[in-house]
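Report on the structure given below.
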Amino acid sequence: MSGSNMLAVRGDPSEYQMLMAVAGFLAGYTGNTRLAYQQDLAGFSGWCDIRDLSMFDVRRAHIELFARSEENDGKARATIARRLSTVAGSTGTASRKA
């Protein structure tokens, strides 16, 4: 099986809906773009896990806190912007009220 067809998301694998949503989002991309988005979502998923927060329950405030933690970790602004775009696009947060 090709590495580009692999889905690796941290968290409880019994969260079928979350896994399917992530898989559906990633299915629209290939190659390095898919890999970057997959890594972005795995990082955000881990951040959520530490806070006992489901990715389906996030609000804008959570994403802002994630961004601040990325800044504190010394990530570049362009990297943070891409990660926020990935997270907002995959969770539908951009279309929900804060």
Please list, ordered by first then second residue, the pairs with beta carbon atoms under 7 Å, 6 or more apart or interchain, first in the range 70-89 and without any contact (Cβ under 8 Å) to a residue 24 or more places away in the chain, second surrounded by 15 or more Cβ atoms within 10 Å (Cβ to Cβ) and not charged (D, E, K, R).
E70/I80; E71/I80; I80/A67; L84/I63; L84/A67
Which of the residues belonging to the range 1-30 are at pLDDT below 80, farther than 15 Å from M55 by Cα and not hydrophobic (A, V, I, L, M, F, W, C)?
S2, G3, S4, N5
What helices (runs of 4 or more DSSP H) completely inside the range 31-98 contain at least 2 residues that are within 11 Å of the chain's Cα centre (by Cα), buried (at least 16 other Cβ atoms within 10 Å of the Cβ) and modelled with pLDDT under 95?
31-50, 77-91
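The values are calculated or read from the model by the stated rules, or taken from the named source; none is laboratory data. Predicted model only: the values in this text are computed from it and were never measured. Neighbour counts are summed over all protein chains in view; Cβ atoms, including those assigned to glycine, are modelled from backbone coordinates with ideal geometry.
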